[in-house]
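Comments concern the structure below.
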Amino acid sequence: MEQNSKIYVAGGDTLIGAAIVRRLERQSNIELVGQPGAEPELTQANAVDQFFSEAQPDYVFLAAGESGGILANQRYPAQLMLNNLLIECHVIESAYRHSVKKLLYLASSCSYPQLAPQPMPVEVLLTGPLEPTNEAYAVAKIAGVKLCQAYRQQYGANFICGIPANSFGIGDDFSLENSHVVPALIRKMHQAKLEDAPAVEIWGTGTPKREFVYVEDLAEACTFLMQHYNEPLPINIGGGINVSIRELAFSIREVVGYSGELQFDQSKPDGMPLKALESTPLLSMGWRPKTALMDALAETYTWFLLNFPQKALAHA
């Protein structure tokens, strides 16, 4: 990214987008445009195009779009799919129309086939059926990848795609309906601590392994890719924290300071035994995540305590 460039983070109020904004705000040689409060309604084509016409960003990070956990994906598949399709179509088209120098689109690890080899290389995208519980959302994210590739092929646009591992951290969604595993476990154990509950129930055996990336590290990876990656093939953003759900749960219990028992309900599904990204291409370029798991969880829990007062949680 050149000095005095204008940079737009689409979805600057999302978990990942906000982390990218925080990182860019520490740079004095760029101008951020369209920050939260000044961002257009991204599902409206005219609003997006007018914004690009007026702001004239040079670089775009596309981190916008609704997402959620298993429950949200089962309840609102049409909403999640349509929201993401509209946003990526409008932002990518306007970025091309207004001569953006480079765009980074962030897809999702759920875009991979349900039975993909582990760790998952980008070459296996679209080689098999998707996980049924989030198929609609995954199809929308895949469409964003293919749209970027289509604009590269037809117009020569420098639009690249990154596929992050499961991200968590400051600004996460701790709602009961939409939260992913890390914020969900933090909230459950914190509430159990407040209520002096003897145990917290966790779905499955706890043996499946998942790859996580702290959102501050992910933001650094995104700016790294904007500076160093220019290929049409998507690139995985992982190489971070690969732990079992059991290990994760006990780590969160320690960070929260909950002394009760963790009960793993083996009647509930485990899902895939391993879900991780093959991130050798990114790691070979010199990027590495910097934050240890316990430090990342502690920072996330500290933010949670500051933003979710006990009284509010008690009535949730």
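The values are calculated or read from the model by the stated rules, or taken from the named source; none is laboratory data. Since this is a predicted model, take the numbers as computed values, not measurements. Neighbour counts are summed over all protein chains in view; Cβ atoms, including those assigned to glycine, are modelled from backbone coordinates with ideal geometry.
Are any residues in the stretch 98-129 of a type outside the set (Ser, Thr, Tyr) and touching a Phe, Trp or Tyr at 6+ places or on another chain (Cβ under 8 Å), and if so, which ones?
Within the stretch 98-129, His98, Val100, Lys101, Lys102, Leu103, Leu104, Leu106, Cys110, Met120, Val124, Leu125 meet the criteria.
Residue-wise test of (1) more than 21 Å from Glu135 (Cβ to Cβ); (2) without any contact (Cβ under 8 Å) to a residue 60 or more places away in the chain; (3) not acidic (Asp, Glu).
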site: Asn29; (1), (2), (3): yes, yes, yes
site: Pro36; (1), (2), (3): yes, yes, yes
site: Val48; (1), (2), (3): yes, yes, yes
site: Phe52; (1), (2), (3): yes, yes, yes
site: Tyr59; (1), (2), (3): yes, no, yes
site: Gln74; (1), (2), (3): no, yes, yes
site: Leu80; (1), (2), (3): no, no, yes
site: Cys89; (1), (2), (3): no, yes, yes
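Among the listed residues Thr280, Thr302, identify the single one that is of a type in the set (Val, Ile, Thr) and either more than 25 Å from Ile160 (Cα to Cα) or in contact with a Leu (Cβ under 8 Å, 6 or more places away or on another chain) (or both).
When all the criteria are applied, what remains is Thr302.
Check Leu262, Leu225, Leu277 and return the single one that is farther than 30 Å from Pro57 by Cβ and aliphatic (A, V, I, L, M).
Just one listed residue meets the conditions, Leu262.
How about the stretch 147-194: which of its residues are of a type in the set (A, V, I, L, M) and surrounded by fewer than 17 Cβ atoms within 10 Å (Cβ to Cβ)?
Within the stretch 147-194, Ala150, Leu176, Leu194 qualify.
Modelled with pLDDT under 95 and hydrophobic (A, V, I, L, M, F, W, C): does that describe Ala116?
Yes.
Identify, please: which residue in the stretch 267-285 is touching a residue at least 24 places away in the same chain (Cβ under 8 Å) and more than 22 Å from Ala116 (Cα to Cα) and is, among those, nearest to the chain's Cα centre (by Cα)?
Selected residue: Met285.
Among the numbered criteria (1) at pLDDT 85 or above; (2) farther than 22 Å from Leu176 by Cα, which one does Thr300 miss?
Condition not satisfied by Thr300: (2).
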